[in-house]
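The values are calculated or read from the model by the stated rules, or taken from the named source; none is laboratory data. Predicted model, so just to flag it, every value in this text is computed and none were measured. Because the Cβ atoms are built from the backbone with ideal geometry, glycine has one as well, and the counts that use them run over all protein chains shown.
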Amino acid sequence: MKILLTASSPDIHSPVDPRFGRGAYLLEVDSETQTWHAHPNPGVNASGGAGAQAAQFVAAQQAQAVISGDFGPNAFNALQAAGIAMFLYGETRTAQEAIEKFQAGLLEQVAAPTGPGHHSRR
Amino acid sequence: MKISIASGKGGTGKTMVATGLALSLAARTPEQPPLLVDCDVEAPNAHLFLHPKLTEKQDVALLIPAVDDAKCTSCGECAKVCQFHAIVVLGKKTLVFPQLCHGCGSCTLVCPEAAIHEIPDKMGVLERGPSETGVWFAHGVLDIGEPMAVPVIRQLKKWVQPSPGQVALYDCPPGTSCPVVESVRGSDYLLLVTEPTPFGLHDLRLAVQVAIELGIPCGVIVNRFHSPYPPLEEYCAEKNLPVWLRIPFDRAIAESLAQGKTLIEVDPHYSELFCQVFEGITAYLSNPTKE
Amino acid sequence: MKQLVILSGKGGAGKTCLAAAFAHLAHDGPSAIKAVLADADVDAANLELVLRPERLEEHAFTGGSVAVIDPQLCQGCEICQQVCRFDAVRSPSIEARQLTYSIDPIACDGCAACVFQCPEQAIHMQPQIAGRWYHSQSRYGPLIHADLFPAQENSGKLVTLVKQNARLLAMDTGCQVVIVDGPPGIGCPVIAAASGAHLALVVAEPSAAGIHDLQRALQTTAHFRIPSIVVINKADIYPPGAAQLEATCADLGIEVIGCIPFDPAIETAMLNGEPVTQSQPDAPASLAIIAIWQTLASRLN
């Protein structure tokens, strides 16, 4: 199963980044083989709609699940439309820890946007 | 002639000056009263002082894309051109985020299947009408939860244009970014209301830079004046900014404004002072080198 | 870690005065809380003037991009002007010494519609440095703040950047609260400032305009489901207005946690660049603000 999660640096042992759209890196993890690969988050420098842009990227990687600190309405709607399950970090510190918690079923799944969205239009 | 009233900092007395000036000009030339346009669409207040009859109303809408799923081939051209990520392609689905859309029409133009058409998305309302004092009044009201004030201001200014020879006054929002620029654009003069404090001065400097960027001459009204604040006086002198009026700090004025009274109602003497400010500006504009 | 955002529909209601006093009280007061301060009024950032911090770091802020037409490639077909919905494409003008079409960067929205329609590929997008943001150290703790250059767009994005850096700093340094001094209004910068807040403190003035703007501010926080409480500033200047504010809040089920009297001590403190609670702790306004802070501190803990 392919999982994407937001992290503060391109390393599985790095601290998680709670931001979805503007989280520094997206780590792609294969839960069967435990291999990982880091992508710079395309939403980081977006002028607006970072969440929508990051969601589009996640969908293009054909991920089944995504883990982050919060999902605004645009990210939520996009990920939901793409059929990607969303999970929250909660008190998790590192990306590695997040994957372990995810596999143990300890992360909360998101059923609605968790924030009002950061900014849109201008 | 078009005069904008702005400030940088909020709460310095823009609306007090704009309504005071409008009433003074209406009394001065009752045959052609001025137009007052409240461009602070996030927090419009001028109507609370002038009590106009808002007889005409118009919705402000942005044209946003709607995708015809039957024609869409998910080619992703629309998502590629959208600078705001307001339209994204997720597998076989093309999704539109109205809150992100600027209404530029670029996606509609590039769609090779002609699968996108545009639909209006309401974001606010415009209202206008006369007040009993003669002032012609108009304002825009941004809908709650809508982030974008600029299109409302843009449409408001297109909707109400002064007749030939009529003075138009634009009461601007606070700040120095895009909503202020949209409000001030096209004005002949920018009247900046400030207060004699470090905040007032800091924000006045920013507002003056906006005026310079836009190439609009500007001058100052100092509100809540008690004693000269030397850094402000020095700044105005250095930048050659005329100080048209100093309105003293007076608890009676503050109390009356709180009750929804205008400065003219508090002290009719101001009517004459505002007319002098207006005449001063007119003279200054016809011969700017004199200053 | 909790985020407190200070808002008001109307400008000049006293947000910065309160934010500065809270910074002082969070650091030195009886209900001290380790806090990071964030000035989210990037159009008119004033917290720095009261707190007079030392700037530790300075970063450029890249806002949106604007279109630029290459005069060498432009063939004058006018398509850019036809597709632009923001009146940002200027016609050739001998007076302005522009022999081809050109872009007014202030009017340009950055949508790039012209870039994709230009048959000569003569238009490209150019990112704009639209401001700066700073990490500073004040006598009451760290302050993240920013300046948006005058006449720039994208203040919401800069507000988001300020808040994110404040939040990350608070997490890294074990601070319990981020105090966000918000911008006026209800639009994009306000939505960005309020996003993710655990509590919004809305400052209201007892005036005709203040009542109207409070309603719009509270509708906005309710729209984004942010719990809100109200303080009334200059409460005694028009008691019927204050009563009306209280009635409005009661109708909406919003708690009024305090009233601050009109007090010249506030103006004096601001002129001296100090929080009123520090310069005149016994002034009537200071006593009211201290009581408000104690209520807030207990809510944030």
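Residue by residue, here is whether (1) at pLDDT below 90; (2) facing another protein chain (nearest Cβ under 7 Å) holds:
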site: C:GLU153; (1), (2): yes, yes
site: C:GLN164; (1), (2): yes, yes
site: C:MET171; (1), (2): yes, no
site: C:VAL177; (1), (2): no, no
site: C:ILE186; (1), (2): no, yes
site: C:ALA209; (1), (2): no, yes
site: C:HIS212; (1), (2): no, yes
*Filter segment B:169-217 for residues that are among the β-branched types (Val, Ile, Thr), surrounded by 20 or more Cβ atoms within 10 Å (Cβ to Cβ) and in a helix (DSSP H, G or I) and give the result.*
B:VAL180, B:VAL181, B:VAL184, B:VAL208, B:VAL210
*Failed condition for B:PRO228, given (1) within 11 Å of another protein chain (Cβ to nearest Cβ); (2) at pLDDT below 95*: (1)
_So B:HIS85 passes all but one of these: (1) in contact with a Gly (Cβ under 7 Å, 6 or more places away or on another chain); (2) in contact (Cβ under 8 Å) with a residue 40 or more places away in the chain; (3) assigned to a loop (DSSP other than H, G, I, E, B). Which condition number does it fail?_
(2)
*Return only the number of the condition from (1) in contact with a Cys (Cβ under 6 Å, 6 or more places away or on another chain); (2) more than 14 Å from chain A (Cβ to nearest Cβ); (3) of a type outside the set (Val, Ile, Thr) that B:GLN32 does not satisfy.*
(1)
*In segment B:98-134, what count of residues is obtained for those that are in contact with a Phe, Trp or Tyr (Cβ under 8 Å, 6 or more places away or on another chain) and either surrounded by fewer than 17 Cβ atoms within 10 Å (Cβ to Cβ) or within 30 Å of B:ALA27 (Cα to Cα) (or both)?*
6
*asked:* Looking only at residues that are assigned to a helix (DSSP H, G or I) and at pLDDT 95 or above in segment B:247-264, which one is nearest to C:LEU245 (Cα to Cα)?
replied: B:LEU263
*Given B:VAL89, B:VAL81, which one is within 27 Å of C:ALA67 (Cα to Cα) and either within 11 Å of chain A (Cβ to nearest Cβ) or charged (D, E, K, R) (or both)?*
B:VAL89
*Sort through A:THR35, A:THR6 and tell me the only one that's free of Cβ contacts under 8 Å to residues at least 40 places away in the same chain, of a type in the set (Ser, Thr, Tyr) and more than 14 Å from chain B (Cβ to nearest Cβ).*
A:THR35
*Looking at B:ASP171, is it touching a Ser or Thr at 6+ places or on another chain (Cβ under 9 Å) and touching a residue at least 12 places away in the same chain (Cβ under 8 Å)?*
yes
_Filtered residues of segment C:24-65 (kept if over 16 Å from the mean Cα position of the chain (by Cα), within 23 Å of B:GLY200 (Cβ to Cβ) and in a strand (DSSP E or B))_ = C:ARG55
*Given the structure, is A:ARG19 over 18 Å from A:VAL110 (Cβ atoms) and of a type in the set (Lys, Arg)?*
no
*Would you confirm whether any residue within segment B:39-60 is in contact with a Cys (Cβ under 8 Å, 6 or more places away or on another chain), within 29 Å of B:LEU109 (Cβ to Cβ), surrounded by fewer than 24 Cβ atoms within 10 Å (Cβ to Cβ) and of a type outside the set (Lys, Arg)?*
no
*State whether the residues of segment B:135-144 include one that is surrounded by 24 or more Cβ atoms within 10 Å (Cβ to Cβ), more than 19 Å from B:ILE3 (Cα to Cα) and in the same structural domain as B:LEU36 (by TED's automatic domain parsing).*
yes
*Out of all the residues in segment C:252-272, is one or more within 14 Å of chain B (Cβ to nearest Cβ) and in contact with a Leu (Cβ under 8 Å, 6 or more places away or on another chain)?*
yes
*Can you pull out the helices (runs of 4 or more DSSP H) entirely within segment A:42-117 that have at least 3 residues that are within 9 Å of another protein chain (Cβ to nearest Cβ)?*
A:50-60, A:73-81
*asked:* I need the full set of residues from segment A:1-38 which are assigned to a strand (DSSP E or B) and either touching a Gly at 6+ places or on another chain (Cβ under 6 Å) or surrounded by fewer than 15 Cβ atoms within 10 Å (Cβ to Cβ) (or both), in order please.
replied: A:THR6, A:ASP30, A:THR35, A:HIS37
*Are any residues in segment C:12-52 more than 9 Å from every other protein chain (Cβ to nearest Cβ) and of a type in the set (Gly, Ala, Ser), and if so, which ones?*
C:ALA19, C:ALA20, C:ALA21, C:ALA23, C:ALA26, C:GLY29, C:SER31, C:ALA32, C:ALA35, C:ALA38, C:ALA40
_Only one of B:VAL37, B:VAL41 is in contact with a His (Cβ under 9 Å, 6 or more places away or on another chain), part of a loop (DSSP other than H, G, I, E, B) and modelled with pLDDT of 95 or more. Can you tell me which?_
B:VAL41
*Checking C:HIS124 against (1) modelled with pLDDT of 95 or more; (2) surrounded by 17 or more Cβ atoms within 10 Å (Cβ to Cβ); (3) in contact with a helix residue (DSSP H, G or I) (Cβ under 7 Å, 6 or more places away or on another chain), which single condition isn't satisfied?*
(2)
*From B:GLU272, B:GLU279, grab the single residue that is free of Cβ contacts under 8 Å to residues at least 12 places away in the same chain, surrounded by fewer than 20 Cβ atoms within 10 Å (Cβ to Cβ) and in the same structural domain as B:THR29 (by TED's automatic domain parsing).*
B:GLU279
